[in-house]
Structures are given as structure tokens and as C-alpha cells.
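The values are calculated or read from the model by the stated rules, or taken from the named source; none is laboratory data. The shown structure was predicted, so the numbers you read here are calculated from the model rather than taken from an experiment. Counting neighbours? That spans all protein chains shown, and the Cβs are built from the backbone with ideal geometry, glycine included.
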Amino acid sequence: MDAETLVGGNLVVLLLAGFIILCVLLGVRIVPQSEKHVVERFGRLRAILGPGINLIVPFLDRVAHKVSVLERQLPNASQDAITADNVLVQVETSVFYRILEPEKTVYRIRDVDAAIATTVAGIVRAEIGRMELDEVQSNRAELISTIKASVEDAVESWGIEVTRAEILDVNLDQATREAMLQQLNAERARRAQVTEAEGQKRAVELSADAQLYAAEQEAKARRISADAEAYATKVVAQAIAENGLEAAQYQVALKQVEALTALGTGQGNQTVVLPANALDAFSDAFRMLKGRG
């Protein structure tokens, strides 16, 4: 074997080895965890390569698209909307999504970010148009949930999952803000007047309750006094009924003695003037006392 034949044989081996290496390089595809690769054969969808080592047919198959499956955030968007009570508001929204089926995203929509942003803007305007301004402010969580569900239904055919939809702010024009501020101040003044009126009403009620309580206590005291006098009268009447007129005369004489005694013990009284029948009252009382003994 001459030198030329040997050189030609080595060249063939080298070319064959190079071809094999090239086939291996073209046929083996390593896909990162955060991506999916779309493989085409002669311009048509052939396969979707997942994370890890994948094999394709060299020179026939090619990786046409490398699609990230990480969650994405659209740029914050602001759109005008009119509420059901004809108030112009400016709504700032933010949407998060991720691609689940790259073959649908690649072959059914050209600019997925712009398409989602347009869809969100239309849905936001439609949903806010069904609500009044107060409902938009107070039911923001419900509004966000409705918008998210509507966007999911709209982009389902694009192989996309909407993970979050947020309403960052709802801005009002200056005229509406001033009108709402005036309304808020008027409501505060009304509440203050109502509170003051309720306080005055409560004070009158408490005063009336106090007067009623005092009247009830006075009536109760009078009733007790009357009951005591009635009881005393009953006792005297019972004594008269049991002992006759003599018991009544005894009680009268005893009262006269007590009155004279009180008159004599008063402060600054050095001279006591007695009625003509005072001695008779003493004598009658002692006589009756002795007789009862």
C-alpha cells in the first residue's frame, strides 16, 4: 500500500468520524428546566422537547423555537373606563402568566404579550361598566377575580395560564375627586349633627328618668308614712275597742304630758307657762297609769 492510499484512507476515516460527531451534536438536545423546545421537520411541528436530554433526527429535524415556561409579568397598563353611574376612572392593571403549551402559543398568536394586554383592557372596561363607582372601590377583590376568570377563558386557546391579575390603582379625574370630597365633608357634618342630637336626646331621657325616679321615691315615702299612720290609728282603734273610752283618755293625757315635758327641756327656756288644766293632765295620766297597773 502506497502513501497516497494510506493518506486517502485516513482522510475517509477522519471525515467519517467528523460526520458521526456532527450527527451526535445535531441529534442530541439538552433542554434546560425552564424551557421547552419546539421541533419542526420540513416546516411542520414534529415534537415538543421537555427538560433533560432529547434526541432528534439530524438534518431532518430542527429546533425552531425555544420557549421559556417561567412566569411572566406584563408591563403595568393603564386604561380608561366608565362606570355604570357615568364616572370616568383610570384603572392600572398588572397581569402574570406562563406558557403551558408552547405549540399553541407559537402557532396561534404572533405577539402574546400585546394580545393579552388588549384582552385585559377590554375585559376591564366591560366589567367596570357594569358596576358603580362605590362598588368598584369596595369590591376590588371580587372585580379582580372576575377579570382573572374572564382573561383565562379568552387566552385558553393560546396555551397560556393566567396566574394572577391585579388592579393596582383606580384613579379619578380632578372634578370627580372634588365632588367626592364635598360629599365626604357633608356626610361627616351630618354624622356630627346626628351624634349631637342623639346626645341631647339621651340627656333629656336621663333627666326625665331621674325626675320619675325621685317622684316614685317620694310617693313610696308618702305611702309608707300613710301606712304607718294607718297602722297607728288601727292600733288606737283596736285599743279603744278592747279597753273602751278609758284607753283613749289615757293616750290623750300621755300626749299632753310629753308635750309639756318637751316644752320644759327646751334650750333658753327659764320660765314655763302652764295652761290651767296642766295639773289635771298630770293627775289624769298618773291616775290612769296607776289604774292600768
For the range 123-135, give me each residue that is surrounded by 14 or more Cβ atoms within 10 Å (Cβ to Cβ) and in a helix (DSSP H, G or I).
ILE123, VAL124, ARG125, GLU127, ILE128, LEU133, GLU135
Out of everything in the range 96-114 that is hydroxyl-bearing (Ser, Thr, Tyr) and outside any strand (DSSP E or B), what residue ends up being farthest from SER145 (Cα to Cα)?
TYR107
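For the condition assigned by TED's automatic domain parsing to the domain that holds VAL91 and without any contact (Cβ under 8 Å) to a residue 24 or more places away in the chain, what is the one hit in ALA141, ALA197, ALA117?
Working: ALA197 fails: assigned by TED's automatic domain parsing to the domain that holds VAL91; ALA117 fails: without any contact (Cβ under 8 Å) to a residue 24 or more places away in the chain.
Criteria check complete, one pass: ALA141.
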Going by what's in this entry, would VAL120 be described as buried (at least 18 other Cβ atoms within 10 Å of the Cβ), over 23 Å from the mean Cα position of the chain (by Cα), closer than 30 Å to PRO51 by Cα and at pLDDT 90 or above?
no
Residue that is surrounded by the most Cβ atoms within 10 Å (Cβ to Cβ), among those in the range 30-55 that are touching a helix residue (DSSP H, G or I) at 6+ places or on another chain (Cβ under 8 Å) and β-branched (Val, Ile, Thr)
VAL38
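Hey, can you tell me all the residues within the range 136-171 that are under 16 Å from ILE99 (Cβ atoms) and either assigned to a strand (DSSP E or B) or within 23 Å of the chain's Cα centre (by Cα) (or both)?
Those that are under 16 Å from ILE99 (Cβ atoms) and either assigned to a strand (DSSP E or B) or within 23 Å of the chain's Cα centre (by Cα) (or both): ILE160, GLU161, VAL162, THR163, ARG164.
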Among the numbered conditions (1) surrounded by 10 or more Cβ atoms within 10 Å (Cβ to Cβ); (2) not assigned by TED's automatic domain parsing to the domain that holds ALA165, tell me where GLU101 comes up short.
(2)
